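The values are calculated or read from the model by the stated rules, or taken from the named source; none is laboratory data. Computed from a predicted model, the values in this text were never measured in an experiment. The protein model used for the area step is the full one, side chains on, heavy atoms only, and it has no ligands, DNA or RNA in it. Shrake-Rupley method; radii C 1.70, N 1.55, O 1.52, S 1.80 Å.
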Amino acid sequence: LRLRVGERSEQHAVNDGKDRRAGPNPKGEREHGHGGEAGVLQQLARALFDLDAETSGIEAHLRPHFPKPMLPGLRVPGSVDPFETTVRALLGQQVTVRAATTISGRLVARFGETINGVRLFPRPAAIAAATESDVATLGMPGRRASAIIAVARAFESEPRVVAHASADTRPAAF
């Protein structure tokens, strides 16, 4: 995970097992005194697990579509890396989960970098510099390879191309 600390944060309070937004925090202070990268990681974890969701609204919207009672606290899963999520969504088109996982592993092995013995998902620049043939030989049709390269180039030219939440409440990461 590569981080760039944003300029704004939010304070959050937890009461009765429900998360409540306390509002903007102009001083940039973070709950539990975490600042810098620790504070950004905390914000990313909150976003990943959608901890600031108003779950009653989610439940009200979904309840008519489920015949059995729903468990309280249903949330929408998030993502720490919108580029990886976007590429994985493209890889998973019209293939089994197993096939998508295999192709994703090949993509990481071919274009990812290793840090401290861990192979990371490729940066957009690594895929943006690839040819259609380079990507297609990993086991996908040429059009899908072209789409993945186009997404990588879009993320490379504008890293926040996918607005997955309000810029006011999410850290500037990646």
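Okay, here's what the table says:
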{"read-out": "Solvent-accessible ranking of Ser104, Ser157, largest area first, probe 1.4 Å", "value": "Ser157, Ser104"}
{"read-out": "Solvent-accessible area per residue, Å², over region 86-152 with all protein chains present [probe radius 1.4 Å]", "value": "54 Å²"}
